[in-house]
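Q: The structure follows.
Throughout, read-outs are computed from the coordinates displayed, never taken from laboratory work. Keep in mind the model is a prediction, meaning the values are calculated, not measured. Using ideal geometry, Cβ is built from the backbone for each residue, glycine included, and neighbour counts are taken over all protein chains shown.
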Amino acid sequence: MELTQEYIEAENKELTRQYKKLLRISYQTLTKEDKKMIRKAFEIAVDAHKEQRRKSGEAYIFHPLAVAQIVASEIGLDATSIAAALLHDVVEDTSYTLADLDQLFGETVARIVDGLTKISNLKKDRDVSLQAENFRKMLLTLNDDPRVIIIKIADRLHNMQTMDAMRPDKQRKISSETLYIYAPLAHRMGLYNIKTELEDLSLKYTEPEVYKDIKNKIKDSKEQQDKYIRDFKKVIQDSLDAESLNYTIQGRPKSIYSIRRKILAQGVTFDEVYDKFAIRIIYKSDTANEKFLAWKIYSIVTDHFRPNPTRLRDWISSPKSTGYEALHITVMGLKGRWVEVQIRSERMHEIAEKGYAAHFKYKQGDDGDRGLDEWINRLQEALDNPDTSAVDFVENFKLNLYNKEIFVFTPQGDLKSLPKGATPLDFAFGVHTEVGMRTRGARVNGKLVPLSQELKSGDQVEIMTSEHARPTNNWLDYATTARARAKIKSSLKEEKKTIASDGKITLTRKLKSQKIPFNEKTINELVSFFKLKTSLDLFYRVGIGTIDNKMIKEFAAQRSNAFMSFIKNKIRKPTSTENIDRDEITNKYDDLVFGSDEQKLDFTMSKCCNPIPGDPVFGFTTINDGIKVHKSNCPNAIDLRSKYAYRIISAKWIDSSTQGHTVEIKLTGIDNLGLVNQVTQEISNHMHVNIKGINFTTNGGVFNGNITVVVQSKTHLNKLMDNLKKINGIDKVTRV
């Protein structure tokens, strides 16, 4: 790209415009000193990045400036954070050092930039749990300053917004990593707007056609939604105005990603997703009257529209652990449609939009930080647990993020927040690790209950402890929270190690009596013989007596025979039958090519998504089973691309094979006389498709059918499904 004088002048003008925009965003909250610091940070960032350009060709400085704007507008952080955002790539990419920043801006800015640099420099080796381990290390920086993670999320958001210049495989990898790590993290920090945008942008690159389709449909239905909101507002406006309330009513559309998730989870079409938007009532109030006014608005709305009693969510009396406060009600609105109405004050709205950062503005004393501090302490405890694998940690972390909350009481009447589905055992570990470890039983609302009982909001829970109680394997079936499970696993592991230590001594003695040397080779043979995974499992089983003298003698007797058999198998030549099988497999799958040089390689089709010719696919190199082919929108694709990007191979169909592919089709509809006959005739007569299996049931006039057919390609399948949909009485036709 040629950088003419005219282009550079235009770029400098745009840079000045963007800088002024940054100052405008946070103008009211900035002091003179703040403005000086931001100006100095901007000038140093401009100087440091002056030679750098992004892949799109624009000057690199636009990236830190955009990140600073996100930090200021979307999250509403302070001047220190804005300066750190402007400088976040300076130490990593330029000649400036951490010591320079410390001297120029002080210890806090330098510490935040150091945390961001550490995250960027995480080791990029090919370890299978690389992403999970990086995530764990990244969260460790929370202990230094939560702003590190918040700025990193803003950095990732801008990278996602400007990813068009990248290669498609790079776009998919970064998008998968975003869904795996950054979107859940933004959710936990209370940054709902950013979480939503990260998810939508990730879908844009992982499933571009689906994204485009849903986006266009939302655009088409926007006018209709706006009219619905105006009509809804007209009904309640007079009643709200009569109470002299200062309020605004707006619509909140559901994100593209969440609509996609609902379509997949419920097996519905776009038009059948009924809650594509919510109505939000935001009111002005001083702190003293906030709760009173929320319930007053609730009363007015439910006077005009019938509420669904099972869908009231009161997060004003008991805020979510992310700090979120609001009243949510679902009412039967106009045209017989259920509509979610969210009621929140301007303060609640700002906290909902900007997450924990907004607490700095509203906190009384240290209360605003208390929730975040408590979360960081819990997180630190989980991070410091050496017995939890990084992948387990991330999965548990994400599991606890998206869980809905319940609120239960201690015997003293204190309120505790737990994820939905939590048990008394989770409550015990939530109170204290020692209470959890010593749990003997539990009383809920004064009655003795099993440790596996699911708690409900409002329950009063009392834990009974004993000095002699200790965790058992069954406890893992009862515990649902990451904290409880990690502590139980850690305790069981310690106990196992103690027993294994005694078992090792016993095994040495038993092998000596059989004249077998106790060495690594023998241990490996024993592990293999008893079909175990590790030497620890072997020693543990000897320790508890499940591997006894008789079994050791059997091992000794078969040892030499097994070895000889192994040698014979190694030198045996393959028979002609084996060659035929291999040729058959190669011929069967000759329609796929892999990589940029379009090689033909041996592969197998993944059973989790069952791809057929025409489906967008990719190859995944497994450790034991060679290349497995997955559909691009396979439920496991995000996980695979994020954790094992280096094992992904691009793949494409070079033609539609004449080889048949088995697919299962599900039909639902209204039971008519002769419907089954029409369906089978349509398949066999018109489409020339083989039926491998067929199952029809009717219940209360509703028809359900499952048909397994053999088709040649995706086009063939789509045509068949379209024809089936036209049959009178058939409501839905879906591919399983």
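Q: Where the only charges are on Cβ atoms (+1 Lys, Arg; -1 Asp, Glu), what is the dipole of segment 209-362 about its Cα centre, to the nearest 20 debye?
A: On the way: 29 positive and 21 negative charges, 91 e Å.
Result for segment 209-362 is approximately 440 debye, rounded to the nearest 20.
Q: Could you give the Stokes-Einstein D for segment 491-571 in µm² per second, using the C-alpha Kirkwood radius, 20 °C, 1.002 mPa s?
A: Working: Rh = 13.2 Å.
Rounded to a whole number, D works out at 162 µm²/s.
Q: Mind scanning 320/489; 152/600; 21/284 and naming the pairs with a C-alpha gap bigger than 30 Å?
A: Details: 320/489 28 Å; 152/600 41 Å; 21/284 27 Å.
Too far apart for the 30 Å limit: 152/600.
Q: What share of the DSSP beta bridges in segment 209-362 is antiparallel, in percent to the nearest 5?
A: Working: 17 of 23 bridges.
Within segment 209-362, antiparallel bridges account for around 75 percent of the total.
Q: Hey, what's the per residue convex hull volume over the C-alpha atoms of segment 289-331, in cubic angstrom? Please report the intermediate quantities before stating the final value.
A: Details: hull volume 2.7 nm³, N = 43.
Hull volume over Cα atoms, normalised by residue count, gives 63 Å³.
Q: Pick out, from 300, 268, 327, the residue whose Cα sits farthest towards the positive end of the charge dipole of segment 209-362, with +1 on the Cβ of Lys and Arg and -1 on the Cβ of Asp and Glu.
A: Towards the positive end, the residue furthest out is 268.
Q: Can I ask one more? For segment 443-458 and segment 181-220, write down the distance between their C-alpha centroids in whole Å.
A: 38
Q: To continue, here is another question. What's the ranking of 14-21, 173-180 by average number of surrounding C-beta atoms within 10 Å, highest first?
A: Working: 14-21: 13.6, 173-180: 21.8.
Final packing ranking: 173-180, 14-21.
Q: Which entries of 254/643; 276/631; 173/631; 262/335; 219/262 have Cα-Cα distances beyond 25 Å here?
A: Details: 254/643 29 Å; 276/631 28 Å; 173/631 15 Å; 262/335 22 Å; 219/262 18 Å.
Over 25 Å Cα-Cα: 254/643; 276/631.
Q: If I take the Cα coordinates of segment 661-735 and project them onto the principal axes, what are the three extents in Å, biggest first?
A: 36, 19, 18
Q: Please state, as a whole number in µm²/s, the translational diffusion coefficient that the Stokes-Einstein equation yields for segment 411-484 at 25 °C and 0.890 mPa s, with Rh defined as the Kirkwood radius across alpha carbon pairs.
A: Working: Rh = 12.1 Å.
For the chosen part, D equals 202 µm²/s.
Q: May I pose another question? Quick one: order 521, 489, 320 by neighbouring beta-carbon count within 10 Å, fewest to most.
A: Working: 521 8, 489 19, 320 16.
Ascending Cβ contact count within 10 Å gives the list 521, 320, 489.
Q: Can I ask one more? Take 108, 330 and order them by how many other Cβ atoms sit within 10 Å, fewest up front.
A: Details: 108 15, 330 19.
Sorted ascending by nearby Cβ count, the order is 108, 330.
Q: Ranked highest first by average number of other Cβ atoms within 10 Å, how do 467-473, 246-252 line up? Could you put the intermediate results ahead of the total?
A: Values: 467-473: 12.1, 246-252: 14.4.
With the highest mean Cβ count within 10 Å placed first, the list reads 246-252, 467-473.
Q: Right, here's the next one. Quick check on the exposure proxy: order 189, 437, 464 from fewest to most C-beta atoms within 10 angstrom.
A: 464, 437, 189
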